């Protein structure tokens, strides 16, 4: 999650790279949701880790629309990888019950129908 206090306005003096471990530790302390607390407490790869050794993940999210205040998530897919290897056997995909009804336009785009989401779990269940 990107926080406004980590951003600089254009033309501002360069202060060096953010101290991500300190930022994550502070965010873990502030998090109310235990899932966020766990995420921030897990840490991250060291800043000097070569990209070829850094764990990566491709994340795909399908929604009922583009307005986060009105639309909901319909599916989540992820594929873990490193720069030189895609771990397709560890990929995962979930169809979830959206908090907003499916519209004809969104069904045309992602192909997920009412019958597929009818008995799907809530997003909270897969997180």
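The values are calculated or read from the model by the stated rules, or taken from the named source; none is laboratory data. Computed from a prediction, not measured in an experiment: that's the story for all the values here. Virtual Cβ from ideal backbone geometry, glycine too; neighbours counted across all protein chains shown.
Here are a few things to note about the model shown:
- For region 17-61, the tally of residues that are under 23 Å from residue 73 (Cβ atoms) and assigned by TED's automatic domain parsing to the domain that holds residue 125 stands at 6.
- Looking only at residues of region 84-108 that are exposed (fewer than 12 other Cβ atoms within 10 Å of the Cβ) and more than 19 Å from the chain's Cα centre (by Cα), we find that the one that is nearest to residue 52 (Cα to Cα) is 84.
- Put simply, of 38, 113, 63 the only residue that is touching a helix residue (DSSP H, G or I) at 6+ places or on another chain (Cβ under 9 Å) and in contact (Cβ under 8 Å) with a residue 40 or more places away in the chain is 63.
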